[in-house]
């Protein structure tokens with residue numbers, strides 16, 4: 001990933017925060033036929049490993065696990081807020097007109113060796129953890145135990161677990177740091193004025 005120094009985010013707690021808030025990752029692996037990409041929600045355990053461990057599951061019929069090339073790191077990509085940035089929001093447009101459109105975004109790349117875990121109890125515990133994390137905000141959270149055990153047993157038997165021990169975390173927060181303060185303020189106002197959730201999320205990230 002192209003990463004100018006002024007866009008680099010190195011704080012582990014901030015990187016972990018984005019992973020937890022946006023757990024749906026693009027997992028890139030190398031298989032015997034070339035590069036493979038799968039889209040998988042991942043659960044972060046920050047207490048494990050030096051900088052965390054990612055855990056998820058895939059369908060047993062997915063060739064990602066059976067065709068995996070060993071000894072090559074996997075890459076999990078977590079996409080945060082993003083938004084188009086109009087040059088009309090820059091006050092400096094009125095001064096000299098030397099402005100162009102861009103795109104602001106935040107992203108985390110997590111690298112590490114990927115391990116396949118074909119163990120029913122491990123997968124059940126993972127599914128319960130993933131479900132608990134996502135259901136936490138509901139008034140009446142659903143739990144795996146709410147479904148009949150024989151039903152969930154059959155479904156769990158049809159998936160396998162994956163685990164990525166993170167060896168490197170890279171974060172890019174492209175949020176107009178390369179612009180003067182008046183342009184940053186203009187972008188925040190322009191984003192808020194758009195009135196859509198994606199623009200509001202980026203405005204909030206810039207303010208943070």
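Rounded to whole Å and sorted largest first, what semi-axes of the equivalent ellipsoid does the C-alpha gyration tensor of the chain yield via the square root of 5 times each eigenvalue? Kindly include the intermediate steps, with their values, before the conclusion.
Working: eigenvalues 293, 84, 40 Å².
With the √(5λ) rule applied to the chain, the semi-axes are 38, 21, 14 Å.
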Taking a ≥ b ≥ c as the square roots of the eigenvalues of the Cα gyration tensor, with a/c under 1.5 meaning rounded and otherwise prolate when a/b exceeds b/c and oblate if not, region 61-111 is prolate
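Which order do peptides 2-8, 81-87 fall in by mean Cβ count within 10 Å, highest first? Show your work: numbers first, answer last.
Details: 2-8: 10.4, 81-87: 19.0.
Top to bottom by mean Cβ count within 10 Å: 81-87, 2-8.
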With a Förster distance of 45 angstrom and the Cβ-Cβ distance between residue 84 and residue 50, calculated FRET efficiency to the nearest 0.05 equals 0.75
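Give the calculated FRET efficiency between residue 167 and residue 95 to the nearest 0.05, with a Förster radius of 41 Å applied to their Cβ-Cβ distance. Working shown, then result.
Numbers: r = 47 Å, r/R0 = 1.14.
Result of the calculation: an efficiency of 0.30.
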Taking 142-150, 122-130 and ranking on average Cβ neighbours within 10 Å, highest first, one gets 122-130, 142-150
Taking only C-alpha pairs under 8 Å that are 6+ residues apart, what is the relative contact order of region 68-107 in percent? 47
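State, as an integer percentage, the relative contact order of region 4-138 based on alpha-carbon contacts under 8 Å between residues 6 or more apart.
Reported as a whole number, the value is 22 percent.
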Sites residue 32 and residue 121 - FRET efficiency at Förster radius 30 Å, r taken between beta-carbons, to 0.05: 0.50
Taking a point 7 angstrom from the Cα of residue 60 along the C-beta vector, which residues in region 148-172 have backbone N less than 17 Å away? 150-162
Within region 65-90, what residues put their amide N at less than 20 Å from the label point 7 Å along the Cα-to-Cβ vector of residue 193? 83-90
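Readers should treat all values here as calculations from the given coordinates under stated rules, not as data from a laboratory. Keep in mind the model is a prediction, meaning the values are calculated, not measured. Virtual Cβ from ideal backbone geometry, glycine too; neighbours counted across all protein chains shown.
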